[in-house]
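Step one of this worksheet: look at the structure below.
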Amino acid sequence: MYWLVALAHPDDADTLFLVLVDDMPASLYCGVCDVPLRTLRGETLIARCGHGVWAQKDRLERRTAVIVGQIHPRSQRRVRQMLCGMTGGATFHTAARSLAVANSLEYEEYERKITRTRYRTWGR
């Protein structure tokens, strides 16, 4: 699992919003608030937009596996669109397949694993 720098805080450039990213197959574990990404090397990753945290830049140096500048710009925009939609009470990726995946027991178990990783890394 990795952390994607999704955006900087509008009032404090030293505060960044990070989104959890992993390489699980999208066909198995891509839920309603998840965004498939392409890296600049053509790899496929999944941004877990429901698992984001605000963090200070100085804390990033102590964390491993932070992705900066490796995601295709179009994918980066899709993550920001999802985050905007989520804060406004809507999501953009609501295909029937995603809803079915998000309601599966396997996905729920994977979500718990992601949540534990987020709390273990950032304490929230």
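The values are calculated or read from the model by the stated rules, or taken from the named source; none is laboratory data. Just so you know, these numbers come straight off a predicted model, no measurement behind them. In this analysis, Cβ positions are derived from the backbone assuming ideal geometry, glycine residues included, and neighbour counts consider all displayed protein chains.
Output the number of residues of the stretch 77-87 satisfying the condition of being surrounded by 16 or more Cβ atoms within 10 Å (Cβ to Cβ) and either modelled with pLDDT under 85 or among the acidic types (D, E) (or both).
Residues in the stretch 77-87 being surrounded by 16 or more Cβ atoms within 10 Å (Cβ to Cβ) and either modelled with pLDDT under 85 or among the acidic types (D, E) (or both): 2 in total.
Can you tell me which of (1) of a type outside the set (G, A, S); (2) at pLDDT 75 or above; (3) surrounded by 13 or more Cβ atoms within 10 Å (Cβ to Cβ) is the one R74 doesn't meet?
Going through the list (1) of a type outside the set (G, A, S); (2) at pLDDT 75 or above; (3) surrounded by 13 or more Cβ atoms within 10 Å (Cβ to Cβ), R74 breaks only (3).
Could you say which residue among L40, L60 is surrounded by 13 or more Cβ atoms within 10 Å (Cβ to Cβ) and either aliphatic (A, V, I, L, M) or at pLDDT 85 or above (or both)? Break it down into steps so the answer makes sense when it comes.
Numbers: L40 fails: surrounded by 13 or more Cβ atoms within 10 Å (Cβ to Cβ).
Selected residue: L60, the only one of L40, L60 that is surrounded by 13 or more Cβ atoms within 10 Å (Cβ to Cβ) and either aliphatic (A, V, I, L, M) or at pLDDT 85 or above (or both).
Quick check, is R48 without any contact (Cβ under 8 Å) to a residue 60 or more places away in the chain, touching a strand residue (DSSP E or B) at 6+ places or on another chain (Cβ under 9 Å) and of a type in the set (K, R)?
Values: without any contact (Cβ under 8 Å) to a residue 60 or more places away in the chain: no; touching a strand residue (DSSP E or B) at 6+ places or on another chain (Cβ under 9 Å): yes; of a type in the set (K, R): yes.
Spelling it out, it is not the case that R48 is without any contact (Cβ under 8 Å) to a residue 60 or more places away in the chain, touching a strand residue (DSSP E or B) at 6+ places or on another chain (Cβ under 9 Å) and of a type in the set (K, R).
Within the stretch 103-117, can you find the residues that are modelled with pLDDT of 75 or more and either in contact with a strand residue (DSSP E or B) (Cβ under 6 Å, 6 or more places away or on another chain) or of a type in the set (S, T, N, Q) (or both)?
Residues satisfying the conditions are I114, T115, T117.
Cβ-Cβ under 6 Å, sequence separation 6+ or interchain: first residue in the stretch 1-22 and part of a loop (DSSP other than H, G, I, E, B), partner buried (at least 17 other Cβ atoms within 10 Å of the Cβ) and among the charged types (D, E, K, R). Which pairs?
If the second residue must be buried (at least 17 other Cβ atoms within 10 Å of the Cβ) and among the charged types (D, E, K, R), the pairs left are M1/D22.
Name the single residue that is farthest from L83 (Cα to Cα) among those in the stretch 25-37 being crowded, with 18+ Cβ neighbours inside 10 Å and in contact (Cβ under 8 Å) with a residue 60 or more places away in the chain.
My answer is Y29.
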